[in-house]
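Below you'll find the structure, written out as structure tokens, and then a few comments.
The values are calculated or read from the model by the stated rules, or taken from the named source; none is laboratory data. Just so you know, these numbers come straight off a predicted model, no measurement behind them. Here the Cβ is made from the backbone with ideal geometry for all residues, glycine too, and neighbour counts use every protein chain on show.
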Amino acid sequence: MNTLVCLLQSRKMVEEGSTLMRRMEICVAEAEKRSGKNAVSMQETFTVYLIETRPMDAVAEGHNPAPDCLWRRYSEFELLRNYLIVTYPYIVVPPLPEKRAEFVWHKLSADNMDPDFVERRRVGLENFLLRVASHPVLCNDKILCYFLTEEHGWKEAVYETGFQAKADSRLRALSATFRVRNPDKCFMEMKHYSDELQSHTSQLLRARARVADRLYGVFKVHGNYGRVFSEWSAIEKEMGDGLQSAGHHMDAYAASIDDILEEEEHYADQLKEYLFYAEALRAVCRKHELTQFELEMASQDLISKKQQREELATGIVRTFSFKGMTNKLFGQEAPEQREARLKLLEDLIAEGEETVKEKTIERAEHVEKAWVDIQRFKEQKDKDLREALINYAVMQISMCKKGIQVWSNAKECFLKM
Amino acid sequence: MSGHTVPADFSEHMLDLDEDEDLEVFTKNTSLPDGSPLPNSPSSMVNQYRLEDDDEGKEDANTKDIFVTVDHPESQVTAIETFILYRVVTRTTRSDFDSSEYEVRRRYQDFVWLRSKLEEKHPTLIVHPLPEKFVMKGMVERFNDDFIETRRRALHRFLNKISEHPILSYSQHFQVFLTAQDLAPHRKQGPGFLSRMGETVRAVANSVRGLRSRPEEFAVMQEYVDDFSNKMCCMDKVSQRIIKEQREYVDDLKQYSPTYARWGELEEELTEPLKGVASCVVQCSKEAEEHIQHLSEVLVPALHEYVLCAETLKAVMRRRDNIQAEFEAKNEALLTRKAEQEAQLQEEVDVLADRMEQANNSLKGDWVRWQHSMKTDLRSAFISAAEKNVEYYEKCLAVWESFLVSQRAEAGGGQEDVA
């Protein structure tokens, strides 16, 4: 069932025309527990996931080569994603499945080692890889390729890119509050949208979890009918058989909720993906703000330096400066000094102009590329979520059909009593 | 001495000195007439007398010659108290009734009087229980329309059960209850306070001895009654618990649907499906509420009625035991007699022996009738509950299916098949 899902998804993404996906079939096949010593030499247990890849053309030609495979743990996926976020700040990078179980309802475990959680995480990790590998820009990344094919040496390769330094400065920049004078209106709207999306999806997930909990209660209490009917049937003569079989149906009804709610968890996971996507979208918008801010700062800096040059050249002080004050108090400086300072300023202005040019390009490129990816993301989101809602309806229909079945059966038993 | 002595139980004989059984209504709200039309003919009354259709009822319709309804609860306010009066309408072709139609007003207290008279006259017949004085745990709020309606239904059922009973329906007290415009003079007659006291004392004295042994069939019956009582209490509790869980489910559904609607307002392309889902959830929650309503009105009262029946059965078994105990006590006295007492004691023993045989036979006969009636009633309630469940799921299915249809139409039918 899992391989089928993986194949279906990968074929779907191939249609969208991506280079890596055309080349490679990717699958997260298994999960295993491992023990080892961590960074501070303490014994820990963690889960590793088996990534299997096969060249697509070999599959298409009908050969069935054994897949290449390697094991990765969640933290390595995180590392990969952090690298991608930093390296492609104009891309809405697909999110990872949640680190810890949230939106749990009573029967669902919050334990990371719980097999159901691990299984859902395996599916989520596979989904992540498929999304990244089918992304028109991300799929060409070398580090991604190594992640999928080089078990050892991958980490070194990532660190060699020096992304860590960029990651630190990016983190600092993005978490700082800065005032942007002229952010692009579309990006600001998009940022607002991402905040709202986060808020609504998390509210929905929370409400859904509560409903799941209640529904669980309703079904399980019917199991008590099963027990009482069974006991009661023992003391009745005519009614005994009818009660007994009705009791079995009540037990079946009570048991049916487990599968129903497990299926619904997959729906919840689909929504959760977009909850986390909202954050990735927001990050792209913030990056725009940052490039805009840096451009504004650089322009501002250039303007002020040009002003200083003007003042120095003409001797007219337009703006307050300490130098101006000291000149007034202690007399003007010597011509040689003035020349030296003017030369310095000219150099700085030249640099400043370069910087402004760079920042302008950086900003423009980011706007252009980011906007393309945001459109792509929007289309993907609309399609995926519409499908998720349809799937949800299908699940509800299936649950109703089961209910009709069970209660019709129970009615038959009562009729025969 | 084998271990068969039955422990004494005289709780049944404790005098209930509380006369104010229906003085719990303190609101000044005039209640609404329940609006059901007065049946015009015996056949139209058939539908009224049973809550659910079943074959048993239709069969009886052909042989029934008395039809009783309880309706139109109305608040009565006097200087000292406020209570509810119910209208009791009787139509009959029986010759021992002077007229063919009667309409009287009765309060809960009057029903209690009738029942106690019936039990007094026929201690080992199974007289259907009345609805309780008070309602437990605020499942239904006291004194409001729901409470009054629930009680009215139960009183209606009570009178119909009596009217269907081959012996009880011919009781003089029953006839008086149905026909006398003013019941008060009749209530004053009969064994008064003191004689009831005397009977209690006697019964207690006999019961303290305990019973030698029960005849096999009554021992079996007792065991059944105890088990049945347990099962009914469980069923009652489980049903109430299910209703509670369902109510909480509906409450959370009501919080759930707006999350889709609000999100829908944020989106463009997704607005329509999101609002669609929100609407589906709203509709399903309405269906769920209707379902809860049905459970409260049909299944729970039926189960609760049989919880009360189980208590009635226990009381009947106790009374039968006491009759046997009295006989045995007298018989023992006869065995250890002094010569001059013999004749009189023998007479008394004979009377008690007769009484015991009569009691046993009554019970045996009524037991069969009761079991049959129980099966019919509960079967009918369960069928109705199962049907309602099916109906609930069918309605929800339709809601979600129409949502799917609308989505597929949007997408141009390009979706994969989803079984």
Practice prompt. State all residues of region B:83-126 that are of a type in the set (S, T, N, Q) and either surrounded by fewer than 21 Cβ atoms within 10 Å (Cβ to Cβ) or part of a helix (DSSP H, G or I) (or both); if no residue qualifies, say none.
Written response: B:T93, B:S95, B:S99, B:S100, B:Q109, B:S116
Fill in: Out of B:V277, B:V281, B:V238, sole residue that is more than 8 Å from chain A (Cβ to nearest Cβ), touching a helix residue (DSSP H, G or I) at 6+ places or on another chain (Cβ under 6 Å) and buried (at least 17 other Cβ atoms within 10 Å of the Cβ)
B:V281
Practice prompt. Could you pull out the residue among B:L313, B:L334, B:L378 that is in contact with a Leu (Cβ under 9 Å, 6 or more places away or on another chain), more than 30 Å from A:K402 (Cβ to Cβ) and either within 14 Å of chain A (Cβ to nearest Cβ) or assigned to a helix (DSSP H, G or I) (or both)?
Written response: B:L334
Fill in: Long-range neighbours under 9 Å by Cβ, at least six apart or interchain, first residue within 17 Å of A:L84 (Cα to Cα) within region A:165-189, second outside any helix (DSSP H, G or I)
A:R170/A:P89
Worksheet item: What are the residue pairs meeting all of these: first residue in region A:114-138, first residue farther than 20 Å from A:I85 by Cβ, second residue assigned to a helix (DSSP H, G or I) and aliphatic (A, V, I, L, M), Cβ atoms under 6 Å, and 6 or more apart or on different chains?
Response: none
Worksheet entry | Failed condition for A:E78, given (1) part of a helix (DSSP H, G or I); (2) crowded, with 19+ Cβ neighbours inside 10 Å; (3) modelled with pLDDT of 80 or more | (2)
Item to complete: Identify all residues within region B:249-264 that are more than 18 Å from A:G223 (Cα to Cα), touching a Lys or Arg at 6+ places or on another chain (Cβ under 6 Å) and facing chain A (nearest Cβ under 7 Å); write none if there are none.
Response: B:D252
Worksheet item: Does at least one position in region A:280-294 carry a residue that is of a type in the set (D, E, K, R), over 14 Å from A:P89 (Cβ atoms) and either surrounded by fewer than 20 Cβ atoms within 10 Å (Cβ to Cβ) or touching a strand residue (DSSP E or B) at 6+ places or on another chain (Cβ under 7 Å) (or both)?
Response: no
Worksheet item: Out of region B:284-310, which residues are among the acidic types (D, E), over 30 Å from B:D227 (Cβ atoms) and more than 14 Å from every other protein chain (Cβ to nearest Cβ)?
Response: B:E290
Discussion item. Of everything in region A:378-398, what is among the hydrophobic types (A, V, I, L, M, F, W, C), over 30 Å from A:I91 (Cβ atoms) and either more than 8 Å from every other protein chain (Cβ to nearest Cβ) or under 21 Å from the mean Cα position of the chain (by Cα) (or both)? Give them in sequence order.
Written reply: A:M395
Discussion item. I'm told A:L243 meets every condition in (1) away from every other protein chain (no Cβ under 11 Å); (2) buried (at least 22 other Cβ atoms within 10 Å of the Cβ) except one. Can you identify the failing condition by its number?
Written reply: (1)
Item to complete: Kindly list the number of the only condition in (1) among the charged types (D, E, K, R); (2) in contact (Cβ under 8 Å) with a residue 40 or more places away in the chain; (3) within 7 Å of another protein chain (Cβ to nearest Cβ) that fails for A:E231.
Response: (2)
Worksheet, complete the sentence: Residue hits (region A:175-220; more than 30 Å from B:T271 (Cα to Cα) and either over 25 Å from the mean Cα position of the chain (by Cα) or of a type outside the set (S, T, Y) (or both)) are A:A176, A:F178, A:R179, A:V180, A:R181, A:N182, A:G217, A:V218, A:F219, A:K220
Practice prompt. State whether one or more residues within region B:356-367 are surrounded by 13 or more Cβ atoms within 10 Å (Cβ to Cβ) and within 13 Å of chain A (Cβ to nearest Cβ).
Written response: yes
Item to complete: Select from region A:81-105 the residues that are of a type outside the set (K, R), part of a helix (DSSP H, G or I) and within 25 Å of A:S202 (Cβ to Cβ) and list them in ascending order.
Response: A:N82, A:L84, A:I85
Worksheet item: Which numbered condition trips up B:A315, out of (1) of a type in the set (G, A, S); (2) within 26 Å of B:A219 (Cα to Cα); (3) more than 25 Å from the chain's Cα centre (by Cα)?
Response: (3)
Worksheet entry | Filter pass, B:E410 being of a type in the set (D, E, K, R), within 14 Å of another protein chain (Cβ to nearest Cβ) and either assigned to a helix (DSSP H, G or I) or surrounded by 14 or more Cβ atoms within 10 Å (Cβ to Cβ) (or both) | yes
Worksheet item: Which condition number does A:V211 fail, the rest of (1) within 24 Å of A:Q405 (Cα to Cα); (2) in contact (Cβ under 8 Å) with a residue 12 or more places away in the chain; (3) among the hydrophobic types (A, V, I, L, M, F, W, C) being met?
Response: (2)
